[in-house]
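Asker: Here it is, the structure in full.
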Amino acid sequence: MGGQASRRRHSAAFKAEAVRVMHVRLATGLTLQRISEELEVGPDLLRLWAKQVAGAPAGASPEEIFPGAGRRRRFAPVETLVPAEGSESPEAELRRLRRENERLRLERDFLKKAAAFFAKESR
C-alpha cells in the first residue's frame, strides 16, 4: 500500500470531525495508534490535523482550518499539542491512568513471558 495511488483525500469536515473524535477517544484512555486505526488515518496525519485545529481561532469553520491544496491558511498551526488545563476531572484522569496502568502491566507481563520463552528456545 505505498505510493500516490493509495492516497486518499479527506474533506475539511472529515478532518475536523476526526480531530474531535480523537480528543474524545484520548480522554477515554485509548492510544493515538488505536484511534488512528479506528479512523483509518495515520497517527502522524491525525496529529498534524489536531495542531491545525488547535491553531485556529475560535469559531473557525472546517473550510477555514483546512483550506485545501494551493490555498493559504490564515493562521499558523500550534507547534505542540498539550492537553488543555482542566480538560479532565481528577476522577476521570485517575480512572484513565488506572486503565492505562493495568494495560501496561498486562503488556509487561506478556513481554516477560515471551522473552523467557524465546530465551529457552534459543538454547
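The values are calculated or read from the model by the stated rules, or taken from the named source; none is laboratory data. Just so it is clear, the model here is predicted, and its values are computed rather than measured. Note that we place each Cβ from the backbone using ideal geometry, even for glycine, and neighbour counts take in every protein chain shown. With ligands, DNA and RNA removed, areas are computed over all heavy atoms of the protein, side chains included. Shrake-Rupley method; radii C 1.70, N 1.55, O 1.52, S 1.80 Å.
Asker: Does Val24 qualify as being modelled with pLDDT of 90 or more, aliphatic (A, V, I, L, M) and out of contact with any Lys or Arg (no Cβ under 8 Å at 6 or more places or on another chain)? Please lay out each step first, then the result.
Answerer: Numbers: modelled with pLDDT of 90 or more: no; aliphatic (A, V, I, L, M): yes; out of contact with any Lys or Arg (no Cβ under 8 Å at 6 or more places or on another chain): yes.
Answer is no for this residue.
Asker: Tell me which residues, restricted to the stretch 89-123, are outside any helix (DSSP H, G or I) and within 29 Å of Val24 (Cα to Cα). It would help to see each step written out before you state the result.
Answerer: Going through the stretch 89-123, the residues outside any helix (DSSP H, G or I) turn out to be 89, 122-123.
The one that is outside any helix (DSSP H, G or I) and within 29 Å of Val24 (Cα to Cα): Ser89.
Asker: Are any residues in the stretch 16-38 under 21 Å from Arg99 (Cβ atoms) and open to solvent by less than 40 Å² (accessible area, probe 1.4 Å), and if so, which ones? Break it down stepwise before answering.
Answerer: Of the stretch 16-38, the ones under 21 Å from Arg99 (Cβ atoms) are 21-38.
Hits for the stretch 16-38 are Val21, Met22, Gly29, Leu32, Ile35, Ser36.
Asker: Mind listing whichever residues of the stretch 25-37 are of a type in the set (A, V, I, L, M) and under 10 Å from the mean Cα position of the chain (by Cα)? Step through it out loud before you land on a result.
Answerer: Taking the stretch 25-37 first, the residues of a type in the set (A, V, I, L, M) are 26-27, 30, 32, 35.
Those that are of a type in the set (A, V, I, L, M) and under 10 Å from the mean Cα position of the chain (by Cα): Leu26, Leu30, Leu32, Ile35.
Asker: If the requirement is being more than 26 Å from Arg95 (Cα to Cα), part of a helix (DSSP H, G or I), at pLDDT below 85 and open to solvent by 50 Å² or more (accessible area, probe 1.4 Å), which of these qualifies: Ala69, Ala76, Ala5, Ala13? Show your work before the answer.
Answerer: Working: Ala69 fails: part of a helix (DSSP H, G or I); Ala76 fails: part of a helix (DSSP H, G or I); Ala13 fails: at pLDDT below 85.
The match here is Ala5.
Asker: On to the next question. Out of all the residues in the stretch 29-46, which are among the hydroxyl-bearing types (Ser, Thr, Tyr) and at pLDDT 90 or above? Give the derivation first.
Answerer: The initial filter retains those residues of the stretch 29-46 that are among the hydroxyl-bearing types (Ser, Thr, Tyr), namely 31, 36.
Hit for the stretch 29-46 is Ser36, nothing else.
Asker: I've got another one for you. Inside the stretch 38-66, can you point out the residues that are over 17 Å from the mean Cα position of the chain (by Cα), touching a residue at least 12 places away in the same chain (Cβ under 8 Å) and farther than 15 Å from Arg20 by Cβ?
Answerer: Listed by number, the residues that qualify are Pro57, Glu63.
Asker: Can you tell me which condition Trp49 does not meet? The list is (1) on the phi > 0 side of the Ramachandran plot; (2) open to solvent by less than 80 Å² (accessible area, probe 1.4 Å); (3) at pLDDT 85 or above, and all the others hold.
Answerer: (1)
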